[in-house]
Amino acid sequence: MNTAELLVKCLENEGVQYVFGLPGEENLHVLEALKNSSIKFITTRHEQGAAFMADVYGRLTGKAGVCLSTLGPGATNLMTGVADANLDGAPLVAITGQVGTDRMHIESHQYLDLVAMFAPVTKWNKQIVRPSITPEVVRKGFKRAETEKPGAVHIDLPENIAAMPVEGKPLRIDKMEKTYASFASIRAAAAAISQASNPIILVGNGAIRAHASDALTQFATQLNIPVANTFMGKGVIPYTHPLALWAVGLQQRDFVNCGFDNTDLVIAVGYDLIEFSPKKWNPDGKIPIIHVGANHSEIDSSYIPIIEVVGDISDSLNEILKVADRQGKPTPYALTLRDNIRADYKQYADDDSFPIKPQKLIYDLRQVMGPDDIVISDVGAHKMWIARHYHCHSPNTCLISNGFAAMGIAIPGAIAAKIVHPDRKVVAATGDGGFMMNCQELETALRVGTAFVTLIFNDGGYGLIEWKQENQFGQGNSSFVHFNNPDFVKFAESMGLKGYRVNAATDLIPILKEALAQDVPTVIDCPVDYRENARFTQKSGELSCTT
């Protein structure tokens, strides 16, 4: 057995089912070992796509997704997806090939110090410098990647080490015991909640990672506390729940921001500061905060909790619920806020203007998708509208990257989502800018048999940047954001996919239904009216929060 074969045995021991990546000269021994493995290697068309697939696989399963590249340019291509997983809290293990240790002390073809390069964008990384340490490096890597808060780990394997003979076996996987919050913090939190007159719950992706949806819903229901979720916390409480205030986190003010303006206590549950800066909702640091999470809170001048309840989130919520004494209903203001949010959403249901308003496009998408179906949003102006208007019944059914927020994630992410949940409908929602960044992975999707829909919000430009430019420099004052596109229908057909073009608002639902029924990946080109961006900015600027 050589080191590469031992490495693959260690991956099998970790329960790895897929490795996403590209073949390269310096990872030949790993590829050869994978040929005789139970692990399926999925050849992608770009290393960034491979990393995004591993990223979304990890986010959906809680088990580290694995991606593989060669050295040099292959490894640098991998970095964006690795960084995305690390900042989004998705477990990922990236493995890179490397020159032999006998070439590292001199200038060498394609050689970069990959351990130094990946260190800032990973939780931990290490080069395998001796064959015998392989089991320890792999076990530590997966443990670090999957331990809360999850993130990315990098393992570098020089080609001469990969070929060396070795004796050894994978290490036993130790089970992580849950940790529980102190009774003192539980009692203090319950007392503060009982005394609050207008509390609000802010829930983030940490609650989804902790599988705390049921506990959170019961907690909010019994204590009658309204709930706002971050972009990455969608579905943690069903959007149909009468206490759900939907998503918070837009750059502009929105109805839900009024809930924070009028609160006397924020209960932050599984909230990661990277998702929505506390300076946006607590700029003066005056709002009392209870932090409920698996780890202690991050340091921020606008986020200094009066109480930290640190431990298993479901257990913490259940224990607080046992001793909290809060009989009050949500304030009339909170109920009016809820009604305003829902009324704003429904006003676009029958809008038939064309190009289609983003609100209407997303409203129709929600009508077609089932409760457990998955939408993966790319990054751009459409991400903001999806965050505001695409609502979820359950966790991990609308995936938004809002930590690193990397363009190009939607199509590779949809491949991973379809691999994890082959029986669910999957839609990659992307702008035309994000589509062109990783559209080559549609060939991967066809080859591996992952049939999903790519829905393109087509505006012929980088719409989010234009929105920000006009907000800062005035309406009509934008620059360097417009471009031309290929014929997306012909592009899809040239790859053996199905292509559709929306020519009227009434076309969208029938096309979506037909596209989702196909057994090959499909692409829908849908013109979108982003004049709504400026209208929303004006509307939010006029928003008055009155009690």
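The values are calculated or read from the model by the stated rules, or taken from the named source; none is laboratory data. Note that this is a predicted model, so its numbers are computed, not measured. No Cβ is skipped: glycine too gets one built from the backbone with ideal geometry, and neighbour counts run over all protein chains shown.
The table for this structure:
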quantity: Conditions (1) under 13 Å from ILE155 (Cβ atoms); (2) aliphatic (A, V, I, L, M); (3) buried (at least 24 other Cβ atoms within 10 Å of the Cβ); number of the one not met by ALA51; calculated: (1)
quantity: Checklist (1) assigned to a strand (DSSP E or B); (2) closer than 19 Å to VAL420 by Cα applied to THR96, failing item; calculated: (2)
quantity: Any pair with Cβ under 8 angstrom, 6 or more apart, that starts in the stretch 371-383 at a residue that is assigned by TED's automatic domain parsing to the domain that holds ASP88 and β-branched (Val, Ile, Thr) and ends at one that is crowded, with 24+ Cβ neighbours inside 10 Å and modelled with pLDDT under 95; calculated: none
quantity: Residues within the stretch 118-134 that are closer than 26 Å to LEU60 by Cα and out of contact with any strand residue (DSSP E or B) (no Cβ under 9 Å at 6 or more places or on another chain), tallied; calculated: 1
quantity: Subset of the stretch 118-132 [of a type outside the set (Ser, Thr, Tyr), within 27 Å of ALA406 (Cα to Cα) and part of a loop (DSSP other than H, G, I, E, B)]; calculated: LYS123
quantity: Subset of the stretch 270-295 that is of a type outside the set (A, V, I, L, M) and not in a loop (DSSP other than H, G, I, E, B) - its residue that is surrounded by the most Cβ atoms within 10 Å (Cβ to Cβ); calculated: GLY293
quantity: The listed residue being touching a Gly at 6+ places or on another chain (Cβ under 9 Å), closer than 25 Å to PHE219 by Cα and either outside the structural domain of ILE208 (by TED's automatic domain parsing) or among the basic types (Lys, Arg) (or both), out of ASN396, ASN402; calculated: ASN396
quantity: Considering residues of the stretch 78-117 that are in contact (Cβ under 8 Å) with a residue 12 or more places away in the chain and acidic (Asp, Glu) only, the residue farthest from GLY62 (Cα to Cα); calculated: ASP102
quantity: From ARG338, ARG326, ARG366, residue being modelled with pLDDT of 95 or more and of a type in the set (D, E, K, R); calculated: ARG366
quantity: Answer from LYS169, LYS143 - the residue that is closer than 25 Å to ALA294 by Cα and among the charged types (D, E, K, R); calculated: LYS143
quantity: Residue within the stretch 8-25 that is at pLDDT below 95, under 21 Å from MET117 (Cβ atoms), outside the structural domain of PHE404 (by TED's automatic domain parsing) and touching a Ser or Thr at 6+ places or on another chain (Cβ under 9 Å) present; calculated: yes
quantity: Selection within the stretch 112-145 - within 22 Å of MET176 (Cα to Cα) and either within 26 Å of the chain's Cα centre (by Cα) or aromatic (Phe, Trp, Tyr) (or both); calculated: THR122, LYS123, TRP124, ASN125, VAL138, ARG139, LYS140, GLY141, PHE142, LYS143, ARG144, ALA145
quantity: So ALA75, is it buried (at least 24 other Cβ atoms within 10 Å of the Cβ), assigned by TED's automatic domain parsing to the domain that holds GLN110 and at pLDDT 95 or above; calculated: yes
quantity: Residue within the stretch 300-314 that is under 30 Å from ILE409 (Cβ atoms), outside the structural domain of SER394 (by TED's automatic domain parsing), in contact with a Leu (Cβ under 7 Å, 6 or more places away or on another chain) and not aliphatic (A, V, I, L, M) present; calculated: yes
quantity: Strands (runs of 3 or more DSSP E) contained entirely in the stretch 440-547, each with at least 3 residues that are touching a Phe, Trp or Tyr at 6+ places or on another chain (Cβ under 8 Å) and on the phi > 0 side of the Ramachandran plot; calculated: none
quantity: Residue within the stretch 175-184 that is of a type in the set (A, V, I, L, M, F, W, C), at pLDDT below 95 and not in a strand (DSSP E or B) present; calculated: yes
quantity: Residue in the stretch 351-360 that is in the same structural domain as MET437 (by TED's automatic domain parsing), of a type in the set (Phe, Trp, Tyr) and crowded, with 24+ Cβ neighbours inside 10 Å present; calculated: no
quantity: Residue identified as assigned by TED's automatic domain parsing to the domain that holds PRO150, closer than 20 Å to GLU443 by Cβ and crowded, with 24+ Cβ neighbours inside 10 Å among VAL66, VAL56; calculated: VAL56
quantity: Single unsatisfied condition, LYS140 versus (1) in contact (Cβ under 8 Å) with a residue 24 or more places away in the chain; (2) under 26 Å from GLN17 (Cβ atoms); calculated: (1)
quantity: Test: ILE313 is touching a helix residue (DSSP H, G or I) at 6+ places or on another chain (Cβ under 9 Å) and either at pLDDT 95 or above or of a type in the set (Ser, Thr, Tyr) (or both); calculated: yes
quantity: Helices (runs of 4 or more DSSP H) enclosed by the stretch 318-395 - at least 1 residues per element that are farther than 20 Å from VAL453 by Cα and not polar (S, T, N, Q); calculated: 332-346, 381-389
quantity: All positions within the stretch 146-171 that are under 15 Å from LEU68 (Cβ atoms) and either over 28 Å from the mean Cα position of the chain (by Cα) or among the hydrophobic types (A, V, I, L, M, F, W, C) (or both); calculated: ALA152, VAL153, ILE155, LEU157, PRO158, GLU159, ALA162
quantity: Qualifying residue in the stretch 102-117 (condition: crowded, with 16+ Cβ neighbours inside 10 Å, touching a strand residue (DSSP E or B) at 6+ places or on another chain (Cβ under 7 Å), not polar (S, T, N, Q) and not in a helix (DSSP H, G or I)); calculated: no
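Each row is one residue, and each column tells you yes or no for (1) farther than 14 Å from VAL427 by Cβ; (2) at pLDDT 95 or above; (3) in the same structural domain as LYS468 (by TED's automatic domain parsing); (4) small (Gly, Ala, Ser).
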position: GLY496; (1), (2), (3), (4): yes, yes, yes, yes
position: ALA504; (1), (2), (3), (4): yes, yes, yes, yes
position: VAL528; (1), (2), (3), (4): yes, yes, yes, no
position: ASN533; (1), (2), (3), (4): yes, no, yes, no
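Each row is one residue, and each column tells you yes or no for (1) among the charged types (D, E, K, R); (2) over 28 Å from GLU148 (Cα atoms).
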{"position": "LYS178", "(1), (2)": "yes, no"}
{"position": "ILE186", "(1), (2)": "no, no"}
{"position": "SER197", "(1), (2)": "no, yes"}
{"position": "THR221", "(1), (2)": "no, no"}
